[in-house]
Structures are given as structure tokens and as C-alpha cells.
1. Answer rounded, prolate or oblate for the range 75-201, using the Cα gyration tensor with square roots of eigenvalues a ≥ b ≥ c: rounded when a/c is under 1.5, else prolate when a/b is larger than b/c, else oblate.
2. By its C-alpha gyration tensor, with a ≥ b ≥ c as the square roots of the eigenvalues, how is the range 40-88 shaped: rounded for a/c under 1.5, else prolate for a/b larger than b/c, else oblate?
3. Taking the Cα centroid of the range 118-191 and of the range 51-98, what is the distance between the two, rounded to the nearest whole Å?
4. Rank the residues Thr80, Thr120 as a footprinting-exposure proxy: fewest other Cβ atoms within 10 Å of their Cβ go first.
Amino acid sequence: MDEISLALNPPHFIKSRRGKRPIQIARSASPVWPLPAVNEREPVILPSNDNRPGIELAYARTTADDALDAFPAGSESGTTTHFTPQMTTVHSFHDGVITFAGRLGQAYGVIINHGNGWATHYANLKAVCAIRTDLYSPEEQCVRAGDVIGYVGAPAKGDFKRLYFELWEADSHKHFIPVDPRPQLASSRLLRHYDRFTPAPSQAQKAA
């Protein structure tokens, strides 16, 4: 198999050392949301007026004063309608190989090739959990669906922190083009995390 075929269809095993038989690894059953639910608060897609092909993700306030003490409006952590907890993890959408991890604008970004003609792009990261490919030439870095690949940051200093996410599909010429990720996210798993610094919504807010 040539290098391009390997990049698009990575083998589902890891070769062990000392000549032992390879360890078979089952492919993850389904993709996952790039942001987890934090204390029962699920990520939402932010409204956008620009023409970029991707979406931005954060967490919605359930009322006007919801979580204002923890995430004040007008700060890096919040607006009047949305907020993003500190150190919110970013997760790989599906199994794949990291093809880029490094500086992207004033923040960091990651690109993952998932094989079978799909790839994902993550931007506005405060930090990446991978060897930077813009500084080094690391060996192949494989991830599974749901692996932490970074932490949410902002596109520029002082801006509201939110994740920028794109889903790419290869066309007939093997060129990746962005597509609407909403249909794929609708059928994706949502990981659930607990954060003691993020107030959980009250029962009344949940019902609303």
C-alpha cells in the first residue's frame, strides 16, 4: 500500500516491538461531538454572520443571569448569552491521524485525517495535546474518537473563547472540501464531563 493510501486508510493495528504479533484495534463505533457536555450543559452552535464553512461551539446560558458569577459577560469566558468553562477539552471527532498540529493565527489548530475521504479541522485552541507538526516532523500520531486533542481558546487575545470546527469530505479529485457538519453531529455521541468550577443548571432551568 502506498503512502497516500495509508494516509487515507490507516491500518487498524499497532505493531508491537521485538517481533511480536500486531495488536488488533477495533475502530470506534461512532463519531463524537468535539466538545463534551459539562455538568449536564450540552454544547450549542453559535449564531454566525460570516461566510466561513465551519461552526463555532460554546455553551448557552439558560437565563439572563445563569453562571454570570463564574463566567461574566463581556469577558474571555462569557457573553450575555453564552459561556465557555476554563480548560474545556476538545475531542477528536473520529479515529484518524493528525496531519497538522500547531500555530494557526493567534491560537492553535489541529487537522485530523479520518480515512475513507473524511477529515476534521479544529481552531481557536489554547493548547494542543499533540506534537506540533509546524515545528517538528513527528512519527504518525494516531487518535481515537473522543481522545483529547487540545483545549478551547479564543481566536485573538481578549476575544470570547469558543471552538471553531469544520468537517471536510474528499471530492472526486481527492481534494478535501468543507461540508455542513450538522447532520453528522446529530448522530454523534456526546461525552459527559464533570467540572466543579462550572455551576450546574437548576432543575427549573433544565425544565425550561
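1. Working: a/c = 1.72, a/b = 1.42, b/c = 1.21.
In terms of gyration-tensor shape, prolate.
2. Details: a/c = 1.87, a/b = 1.72, b/c = 1.09.
Prolate is the answer for the range 40-88, as a/c is 1.5 or above and a/b outweighs b/c.
3. For the range 118-191 versus the range 51-98, the Cα centre distance is 15 Å.
4. On the way: Thr80 10, Thr120 24.
By the 10 Å Cβ count, ascending: Thr80, Thr120.
Read-outs: derived from the displayed coordinates by stated rules, not from any lab. On a predicted model such as this, the values are computed, not experimentally measured, just so you know. Every residue, glycine among them, receives a Cβ derived from its backbone with ideal geometry; neighbour counts consider all protein chains shown.
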